[in-house]
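Visitor: My questions will all concern the structure given below.
The values are calculated or read from the model by the stated rules, or taken from the named source; none is laboratory data. Computed from a prediction, not measured in an experiment: that's the story for all the values here. A quick note on method: Cβ atoms are made from the backbone with ideal geometry, for glycine too, and the neighbour counts reach across all protein chains shown. Just so you know, the surface numbers come from the protein's heavy atoms only, side chains and all, with ligands and any DNA or RNA stripped out. Shrake-Rupley method; radii C 1.70, N 1.55, O 1.52, S 1.80 Å.
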Amino acid sequence: MVWIHDVVERHSVFMNPMKPEKFLGLARRLGLCSASHVLEIGAGRGGPAMFLASEFGCVVTAVEPHEPFIADGRSRVEGAGLSDLVSFVHSDARSFEVALETYDAAFCLGATFAYDGLVGTLDALAPGVRSGGYVVAGEPYDIGHGMHPWSLPEIFERFEERLLPVAWFVRSSVDEWDEYTSVHLHDLLTWSIEHPEDGEDVDRRRREQVDALREPYIGWAVVAGRKA
Ligand SMILES: C[S@@+](CC[C@H](N)C(=O)[O-])C[C@H]1O[C@@H](n2cnc3c(N)ncnc32)[C@H](O)[C@@H]1O
C-alpha cells in the first residue's frame with residue numbers, strides 16, 4: 001500500500017492548502033519569540049516548522065511518522081541553518097507523549113486524522129500547552145454539503161467547549177484550495193504512470209479527489225484557541 005502523502009505531497013514542503021504568507025498572519029498573533037517552544041504533530045517535511053523557527057526564532061519539535069519526510073526535512077533544516085531550532089521526532093502522533101504544560105503553541109495542520117479528528121486532537125494537545133499558550137489546528141470544514149463533520153462555527157464551538165476560546169483564524173481561499181487539489185491530481189497522475197504497480201490504489205485516490213470537486217469548494221481553515 002502506497003503512503004499517500006508520498007504521492008500527493010511529493011513536491012510540497014508546505015503540505016496544506018494555505019500560502020505561508022497567510023499562515024504568517026495567524027502565527028504573528030501567537031506571540032512566539034526566541035524563548036518559545038512549539039510542538040507540531042504530523043510535521044511532514046517540516047515546512048511550517050522551519051517557517052515558524054526562521055520567522056520567530058522559536059524552538060520547534062516536529063513529530064512525523066514517515067521516515068522519508070523526516071530525512072528530507074532534516075536535510076532542509078540543516079541547509080537552512082536551523083538545526084539548533086528544529087528537531088524531528090520519528091513517531092506516530094498517538095505514540096508521542098505530549099509533556100504537560102510544556103509548549104507555548106501546539107500545531108496540527110492537515111493531520112488531525114492522526115487523533116481521529118479535531119476533537120481528539122484538541123484533547124491530545126491542550127494538556128501540553130501552558131496557560132496562555134495556543135492550540136492550533138488546520139482543518140477542513142463543511143460548507144453545507146455534509147462532506148466534513150463540522151462547519152467553521154462548529155469547529156469554533158469544539159475549541160470553546162474545551163476552554164480554548166478562538167483567538168485568531170485564517171481561511172484558505174478558493175484559489176489556494178484549487179492549487180492544492182491540482183497539485184494532488186497532477187502528482188497522482190504522474191505517480192500512476194511511473195509506478196504502475198500502485199495503479200489501483202492511486203487511481204482510487206484520484207477518483208476521490210475528482211469526486212470531491214463536485215462541490216465548488218471545500219473549506220479549510222487554521223484556527224488558534226488560547227488556553228485559559
Ligand atoms: C497533509 S500532511 C501535513 C504536513 C504538515 N503539517 C504541513 O502542513 O506541511 C499530513 C502529515 O501527517 C503525517 N501523518 C500521517 N499519519 C500520521 C500519524 N498517525 N501521526 C502523525 N502524523 C501522521 C503524514 O506523514 C504527513 O506528513
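Visitor: List every residue whose amide H lies under 5 Å from the amide H of Y134, counting only residues 5 or more places away in sequence or on a different chain, with H placed 1.01 Å from N in the peptide plane.
Guide: A105, A106, K227
Visitor: To the nearest 10 square angstrom, what accessible area does W3 show with a 1.4 Å probe?
Guide: We get 110 Å² for W3.
Visitor: Something else: Please report Rg (one decimal) and Dmax (integer) in Å for the Cα set of the chain.
Guide: Over the chain's Cα set, Rg and Dmax evaluate to 17.2, 52 Å.
Visitor: Could you order F69, F113, F169 by accessible surface area, starting with the largest, using a probe radius of 1.4 Å? Numbers along the way, then the final one.
Guide: Details: F69 5, F113 125, F169 75 Å².
Descending order: F113, F169, F69.
Visitor: Still on this model: What accessible area, in Å² to the nearest ten, does a 1.4 Å probe give for V210?
Guide: 70 Å²
Visitor: Using a simple spin-label model with points 7 Å from Cα along the Cα→Cβ vector, what separation in nm is obtained for D72 and S34?
Guide: If labels sit at D72 and S34, their model points lie 3.2 nm apart.
Visitor: Given 0.36 nm per residue, what is the gain on full extension from D211 to E154 after removing their alpha carbon distance, in nm? Let's see the in-between values first.
Guide: Details: separation 57, 0.36 × 57 = 20.52 nm, distance 2.44 nm.
Length gained, D211 through E154: 18.1 nm.
Visitor: Ranking request for peptides 35-43, 53-61: highest mean number of other beta-carbon atoms within 10 Å first, then the rest in descending order.
Guide: Working: 35-43: 23.3, 53-61: 20.1.
In decreasing order of mean packing, 35-43, 53-61 become 35-43, 53-61.
Visitor: Here is a follow-up. Please work out how much length the chain gains when fully extended from F113 to D175, using 0.36 nm per residue of separation minus the C-alpha to C-alpha distance, in nm with one decimal.
Guide: Values: separation 62, 0.36 × 62 = 22.32 nm, distance 2.41 nm.
Taking F113 through D175 to full extension adds about 19.9 nm, to one decimal.
Visitor: When ranked by the protection proxy of mean other Cβ atoms within 10 Å per residue, highest first, what sequence do the peptides 44-51, 130-137, 74-81 form?
Guide: Numbers: 44-51: 25.4, 130-137: 21.1, 74-81: 14.1.
Packing order, densest peptide first, comes out as 44-51, 130-137, 74-81.
Visitor: Could I have the simple spin-label model distance between S131 and D6, label points 7 Å from Cα toward Cβ, reported in nm to one decimal?
Guide: 4.7 nm
Visitor: Based on the Cβ-Cβ distance from E101 to H195, what FRET efficiency comes out when R0 is 45 Å, to the nearest 0.05? If you can, show how the numbers build up before the last one.
Guide: Details: r = 45 Å, r/R0 = 1.00.
After rounding, the FRET efficiency stands at 0.50.
Visitor: Residue separation times 0.36 nm, minus the C-alpha to C-alpha distance between L163 and S91: what's the value?
Guide: Numbers: separation 72, 0.36 × 72 = 25.92 nm, distance 2.77 nm.
Residue separation times 0.36 nm, minus the Cα-Cα distance, leaves 23.2 nm.
Visitor: Using a 1.4 angstrom probe on the protein heavy atoms only, could you order W177, W220 from most to least accessible area? If you can, show how the numbers build up before the last one.
Guide: Values: W177 35, W220 10 Å².
Result, largest first: W177, W220.
Visitor: Now a separate question. Where the centre of each part is set by its Cα atoms, how far does region 49-107 sit from region 160-228, in angstrom?
Guide: Their Cα centres are 22 Å away from one another.
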